[in-house]
Every structure is written in C-alpha cells, then in structure tokens.
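Structure first, then comments.
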Amino acid sequence: MPSGVFTTLAFTVVAVPFLYAALRLATAPAAHLALPDDLALIDLHVRRALAWKQQLGVFDHNNWNHPGPAYFYLVSLAYRVLGSSARSLFVGATLLNGLAAVACVGVVRRRTSPVRALWAAVWVGALAAVLATAGPSATTYSESVLGALVSPWNPMVVIFPLLLLILLCSGAVDRSGLSLVGALLVGSYVIQTDISTTPLAAALVGAAAVTWGVTAVLDRRLASHTAVAGDAPGRAARSRRTVVWAVAGLVTLAVMWLPPVIQQVTGLPGNMTLIVRFFGATHPGQSLAGSLWAVAATSTVLVVGPSEVMTSILGGTPAHAGLAVVVALATVALATAVVVLAARDRRRFAIGMGALTLVGCVAAVVAVAHVVGFVFGYLVVWAVVLPVAALIGVGTAPVPLRSLRSGRVGGAATGLRVALCVVAVATGAVACVQVAAIPPLSHAGDPRVSRLAGLVSPRLVVGGEVAVGDAGAGTADTQLIDTEEFIGLVNQLDRAGFRPRVNAFWRAQFGPGYLSDGTEPREVGLSTWTAASPSLTGYVGRVGDMAVTVTDRSGGAVPVTG
C-alpha cells in the first residue's frame, strides 16, 4: 500500500470532523444569539481585538487577567471573514482547534513515517470524538451546551494546542530548531490564554530547550569531523531557510508579547505585577494527594468522557477512582516504556515523547497544587492530553511498529496496516457522529440576555454612551447581581453599536475603555425585582429576578427613540 495513502488518510481522519463542525456553525442562524457570562466577555474582547485595542487575556476572579490576547487576535480573523457575530466566535474557536489537531499529525509525519502519523491520527481523532460530547451533563454554564470541541471558552481552546506543544517539544529534542521556535509560539499562546497551563508549558519548553541546546553543540562537533565536502552547498541552503523561518517565528513571538508588555508598563499597577503579587502571596493551595487525584481523574476523560470532570469539584477521591488510578499509572508506564525502547535505537523524537509526557505529569500535579480555592474541572481538564501523548508516543517507539517498517512488509504487517486504516476510518466516523449530535448554535444563547437587550435598546441612541448599573440585581434572597446576564447585556449593547459603560468594579473584566465617568446621557439600571419595582422611574420591564429601568442624566424616564 503506497505511503501516500496513510498520510492522506491520517490528515483526513483528523480534519474532517473539525471541518464538519465549522460548516455546521458557519451556516447556522445567529442573528439573535445573545451570549451570557464568559462567552459574552470573550466575544467583546475579540471585537476589541478587531480594532487592535485588546492587550490582555480573559479576566480572572482573583482580580487579574490571563497574561495575553493572542487567542482574541487569532479568532478575530474569523470575524473579519464571516462578520462580527457570535457565530464567528464559535467557528473561529473550532478552526483553531482543528488547525492544532492537524498540526499534531503533521509533526508526527515530519519526524517519523506515514504509518506512525496514521497511528497518531487515531488518538487525536479519539480525543476530538470525546470532546465533541455535548449537553448539560458534559459542560459547564460558561462553556455552553455545545461542548468542548467547538467551545470558544479559553480553558477549552488550549487542549489541542497543548498536545501540539508536547509534539513540537519532542521535535526539538530531535534536534529541530524550528520545532523549538514553534514550541515557543504555541507555549506562549496557551499561557496567554489560560494561565493554569503555565507550569506544564514552561516545563515542556524548558526541558526541550535545554536538550536541544546540548544536542546541538554535540552534533555540531560531530559534524565537523564527518562533514562531506560535496554536501556543503545543500547544507548551506537548508541552513539559510531554517534561519529565515526561525527569525520570522521569533519576530512573531515578540509581537505576541508586545500588548501585555505595553499594558504592564502603562498600567497602574500592570497585570503582570498583579499576577506576581497574587501567586507570590501566601495562599492555601492543594495537598499533594488532592493534586494527584485531580490529575488522575482528568486522565479518565479519554475513557468516560468529560462529564465527570466538568461537573465535579476535584481534589478528593473521584467516582471512578479505580479507573483513574489505572489510567494514570498506564500513562506513566507507557511513557516510561517509550523512553526505554526508543533509547535502544536512539530515536530522539520518541524519547522526547516519552520523557516529556512524564515531565508533563509532574508539571500538571504542580499546577493543580497552586490552585487557590476549589479545583473545578475546567481548571485542569487540559491534562487529558497526557494519556493521549503517551499513546501517540507508543507509535513513535521502534518496537511496537517494528514489523511495519518500509521494506519489511509481510502478510502480518500488511494485515496490521489494513487494520490500522480501518480503525482510523472508524475513529473519524465516530467523531463526525458526535459532531452531528452537537445541539444547534442557538442553544448557546441566553434568552434572558436577549430580553434585557430588547427592553432597553429602543430607548437608547446608536453611537451614544449608556451607563449600565448593577444595583444589586439578582435573587431576592441574596441580592447578588446576575453576573451572567449583566455581562451579556453589556456585550449585546456594544455589538448593537451603543457605547456601554460600567462602574469601576468591572474594570478588570471589561478594561479601562468601558469605565463610566458619570456623564453618560442614558443609564440602564438593573435591580432585584419586588412588587414595588413597576413604580420605579424609567421602569421598562422585568426579566427573571431583575427589574430594568432606563433613565436620562437627570434621572427622568426615557421614551422610546425614533
């Protein structure tokens, strides 16, 4: 069977589910889709990125932002092509995940063989099928019921890039300088997007960089003794191309970190300062046992799906404790076996896969240990890439697929190749079936946000400023604001061409460009609804537990405009 067949099948198996998902989303109606909570905030930040104004990542409840805006600028490309709508947000996130997944197969193909690339495609496709699980039992409110595969929520869009990071770092271990530059770029993306990945990303890139540096020196010394004169022009040409791509990558890396650096210099205090202060202070983290259980529980996502992790507080003994222990130990055992087997034949890429998976397991435990407060599933769900990396690593080792080497194909080897093709096709088919079961895009919206926007918009002037006040809107029992709907309303008003402003409490969430100065000609007030609410000046209606008012600067009621 020609090697091109395996390569084509490998890329097809991984790409088709993402393309199918993106097509479904791109053709779905989204004219009246109003997003709540974190998704609304991400939507708002992407539109700011369209105007080159976004400097940081998503707000964290500990009063700082995730380190950088790379994710927003990448997704903004979909907005420029498809228009500034909620549909574009989901399509952009899906395509980013798909590109990372395809790149995973590309790295394995570049460093190994077509058959091994197909082996990797099976596991990347399996991860896609698992993350395509949708519905309330498999997701959180912020993620939306569409599930992790197409979710634009920042904890979800780092999963496939993290798997790509492990593969690129393994390429760096295999003496590839371009893989190291790629790892720096992808590592920066995941850290900027979700700071909880920092211990893992930093450990992977650090280990790869040290290994690449040491082996580069040793290889250069060896090459100086074994150089062939006739090959000098070819080496020089390859070296020039490598330098050009490396410089381009490093320039891109500098551009990625420019916005947060500018914010750090101009902010009082800067976001990096706030992050350092927070993690430098004494906070009760997680115990070693709790951290181990959290990582072990996450490893079972590949077997039982995301529902248990995404709907649980981790750190204690999980429901599938036995399975968690088995999968976690199997991950470590497989990674160790890959290192041992690959070391015999000096397969550096395979050694990197095994060793970096082990490094990742330790780094994941460290990351969880530094979580302050409850360990919610979304904080560590990215650790699912570790067992996937171990399984891909098995295919890169020399012994498991030794009989499938080119030139040694017998009847048994041919049968194994055919079986691998069948499994790959089946995996892609299952992933497509899972994608087909994802609810319509309209399910990601919140009708309460739509209702709020519908009540206040007729009394506002397009292009005019409007203060959105949070006067304790929420349930009568708690008097706490319904944050999800409040953020959703601000986003909807901004999308509709109004200029919403908020008080200083919301500065970190929305950014300084959305702060109220008290001179706005219109004010939307959200308060807890009571029987006396209809008598409030400017009262326009009720949404859930919220009473909604619209007043002018003098406090008087505002008629419907136009």
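Brief remarks follow.
- Complete set of residues in region 55-76 that are among the polar types (S, T, N, Q) and either under 16 Å from TRP506 (Cα atoms) or in the same structural domain as LEU452 (by TED's automatic domain parsing) (or both): ASN62, ASN63, ASN65
- Failed item in (1) hydrophobic (A, V, I, L, M, F, W, C); (2) closer than 28 Å to ARG87 by Cβ; (3) not assigned by TED's automatic domain parsing to the domain that holds PRO17, with ALA547 passing the rest: (2)
- Residue that is surrounded by 20 or more Cβ atoms within 10 Å (Cβ to Cβ), free of Cβ contacts under 8 Å to residues at least 40 places away in the same chain and closer than 26 Å to GLN492 by Cβ, where the choices are ALA78, ALA40: ALA78
- In region 87-104, of all residues being surrounded by fewer than 24 Cβ atoms within 10 Å (Cβ to Cβ) and not small (Gly, Ala, Ser), the one that is nearest to ALA40 (Cα to Cα) corresponds to ARG87.
- All positions within region 533-545 that are at pLDDT 90 or above and in contact with a strand residue (DSSP E or B) (Cβ under 9 Å, 6 or more places away or on another chain): SER533, PRO534, LEU536, THR537, GLY538, TYR539, VAL540, GLY541, ARG542, VAL543
- Every residue from region 124-135 that is crowded, with 24+ Cβ neighbours inside 10 Å and either over 16 Å from the mean Cα position of the chain (by Cα) or of a type in the set (Lys, Arg) (or both): GLY125, ALA134
- Only one of the numbered conditions (1) more than 35 Å from the chain's Cα centre (by Cα); (2) crowded, with 17+ Cβ neighbours inside 10 Å is not met by VAL490, and that is (1).
- Any hit, region 488-498, residues being within 25 Å of VAL560 (Cβ to Cβ), at pLDDT 90 or above and among the aromatic types (Phe, Trp, Tyr): yes
- Residue list for region 319-349, filter: surrounded by 17 or more Cβ atoms within 10 Å (Cβ to Cβ) and charged (D, E, K, R): ARG347, ARG348
- Pick from region 461-487, criterion charged (D, E, K, R) and assigned to a strand (DSSP E or B), ranking: modelled with the lowest pLDDT: ASP470
- LEU19 vs. criteria out of contact with any Pro (no Cβ under 9 Å at 6 or more places or on another chain) and part of a helix (DSSP H, G or I): yes
- In region 493-510, residue nearest to ASN271 (Cα to Cα) [restricted to those that are small (Gly, Ala, Ser) and either touching a residue at least 60 places away in the same chain (Cβ under 8 Å) or part of a helix (DSSP H, G or I) (or both)]: ALA508
- Among the residues of region 341-378, those identified as free of Cβ contacts under 8 Å to residues at least 12 places away in the same chain and either of a type outside the set (Lys, Arg) or within 19 Å of THR197 (Cβ to Cβ) (or both) are ALA343, GLY373.
- Scanning region 149-199 for residues that are among the small types (Gly, Ala, Ser), assigned to a loop (DSSP other than H, G, I, E, B) and either farther than 30 Å from ALA134 by Cβ or free of Cβ contacts under 8 Å to residues at least 12 places away in the same chain (or both) turns up just one, SER176.
The values are calculated or read from the model by the stated rules, or taken from the named source; none is laboratory data. Please read these numbers as outputs of a predicted model, since none were measured by experiment. Note: ideal-geometry Cβ built from the backbone for every residue, glycine included; neighbour counts use all protein chains shown.
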